[in-house]
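Notes to accompany the following structure.
The values are calculated or read from the model by the stated rules, or taken from the named source; none is laboratory data. Predicted model only: the values in this text are computed from it and were never measured. Note that we place each Cβ from the backbone using ideal geometry, even for glycine, and neighbour counts take in every protein chain shown. The protein model used for the area step is the full one, side chains on, heavy atoms only, and it has no ligands, DNA or RNA in it. Shrake-Rupley method; radii C 1.70, N 1.55, O 1.52, S 1.80 Å.
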Amino acid sequence: MPRRPNMSKQTRLLLETMLEEPLTWRHGYEISKGTGLKAGTLYPLLMRLADLGYLASKWKQPDQPGRPPRHVYRLTGNGIELAREVAQENAKVPTGGKYALVPS
Amino acid sequence: MNLARHMAHGLVHHAARGLPWARTAWAEPMRQEVDSIEDDLAALRWAAGCLVATYSERITTMRLASLSPVIGLVALLVFVFGGYWIIGGHIDVIVEALPHELTIIVLAALAATSILTSVGGPGIWQAVTLALRGRRFQNADYRDLAFVLINASNASAPVAFRDTAAVRLIDDGTAMLEQQIAPDQIGSLLHARIAGILAGHRRAVQVLRNFGRSLLWFGGVAFLLGAVHTLGFFTEPLEVIGGMFGASAVGLVVGLMAAIGIVQPLANRLDAAIADDGNFYEFIRTVFLSRSAGSDVALAVHMACNGLPEDLALNQNERDTLASVSVTRA
């Protein structure tokens, strides 16, 4: 598995949001709406994840004629694995002094 | 087109043009995303975010002087004088003697070093700054260099790069390829050029080493002057003579610490950084050597990337982007 990116709160939020529909291609504005992250924060995160091989991208032709094509993104296999790890880490809660996974 | 949309276009155009070389693949996605957002104000906000992202990427590639030498210096002073104080040493003697000892030793060493330093060469302050900065070229610089070398194969693409020595090397390599000079000659010529570049950079190391030697010797001079001064007070009580002799010994301590604890490590650090920076120029040489032997530019850059140390190596995504850029340029 590639090197783990720096796990900031924003990175975790992005991964969790992308994990909701891991096979769906989404454009940047849609991801921004889902995470609440603005373009200034989102693009550097997308760039880092793409550099590390966790994010795939492609050009998608528009549904309506006359509209420009858009760059869309989704997690790679490694990205899905990482997002699941992050989701598990986030779900850990203390129970009587011990850590246990919260049942889904 | 209303004002907000017009401004959005301007901002995203500026953002796209401002991206570092290795992020140029993100320029068109940014532009198209702004065009795809129907609401004009939302598009303007998105474009402003793109500009923030561009500057964030630019700032990320900027190198800051490492704090480790400064931390090291503070730690050195704390351990030496802290240890001395813990065992019951008289810090007041040192504090009282320090101003005039420092004046004699440091100013004298600066003066002596300036006699040794050649005109037009780096000064002590410049040498210290270079040592604190450390290695000049980081991962992002190698990434940018790889893109520049690929674009340089296109005669109409301007080569804009901030290191003048690297630009001259690239220009020389390009000229030698055009003149169809034999590969072994290209290799030798570029090797000699690189040796000259690094020798120029190492003048700063020599300045630091001269300064360190001067500090050491003038620490000794300060001690001897203090001892001579003390001899004139031999009829005084023992505690007075002891205090004076102790104060004169401070000069020796200051000279030793400054030379061996501070300046020499800085000189060694700079020397190591210059050796690391040699990889940058060797990258250029490898590319032109490979091209003169008949390799296309993509293969030549790939071979140069393979020769990089692990901590400077390009990651897979950067290599893929390079490969796609070279196909586009072909």
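Here A:Arg74 passes the criteria (1) over 17 Å from A:Trp25 (Cβ atoms); (2) in contact (Cβ under 8 Å) with a residue 24 or more places away in the chain; (3) charged (D, E, K, R) except the one numbered (1). Of all the residues in region B:43-60, those that are more than 7 Å from every other protein chain (Cβ to nearest Cβ) and surrounded by fewer than 16 Cβ atoms within 10 Å (Cβ to Cβ) number 4.
Of all residue pairs spaced 6 or more apart or on separate chains, those with beta-carbon atoms under 7 Å, a first member in region B:105-117 that is assigned by TED's automatic domain parsing to the domain that holds B:Ala247 and a second member that is assigned to a helix (DSSP H, G or I) and of a type in the set (Val, Ile, Thr) are B:Ile105/B:Val254; B:Leu110/B:Ile124; B:Thr113/B:Ile124; B:Thr113/B:Val207; B:Thr117/B:Val207. Count of region B:245-280 residues, restricted to those that are under 13 Å from B:Leu76 (Cα atoms) and in contact with a helix residue (DSSP H, G or I) (Cβ under 7 Å, 6 or more places away or on another chain), is 8.
Within region A:29-49, residues that are more than 9 Å from chain B (Cβ to nearest Cβ) reach partners that are assigned to a helix (DSSP H, G or I) and of a type in the set (Ser, Thr, Tyr) with beta carbons closer than 7 Å, at six or more positions or on different chains, in the pairs A:Ile31/A:Thr17; A:Gly34/A:Thr17; A:Thr35/A:Thr17; A:Leu45/A:Thr11.
Does B:Leu98 satisfy the condition of being of a type in the set (A, V, I, L, M, F, W, C), open to solvent by 30 Å² or more (accessible area, probe 1.4 Å), in the same structural domain as B:Ser214 (by TED's automatic domain parsing) and under 16 Å from the mean Cα position of the chain (by Cα)? It would help to see each step written out before you state the result.
Details: of a type in the set (A, V, I, L, M, F, W, C): yes; open to solvent by 30 Å² or more (accessible area, probe 1.4 Å): yes; in the same structural domain as B:Ser214 (by TED's automatic domain parsing): yes; under 16 Å from the mean Cα position of the chain (by Cα): no.
So B:Leu98 fails the test.
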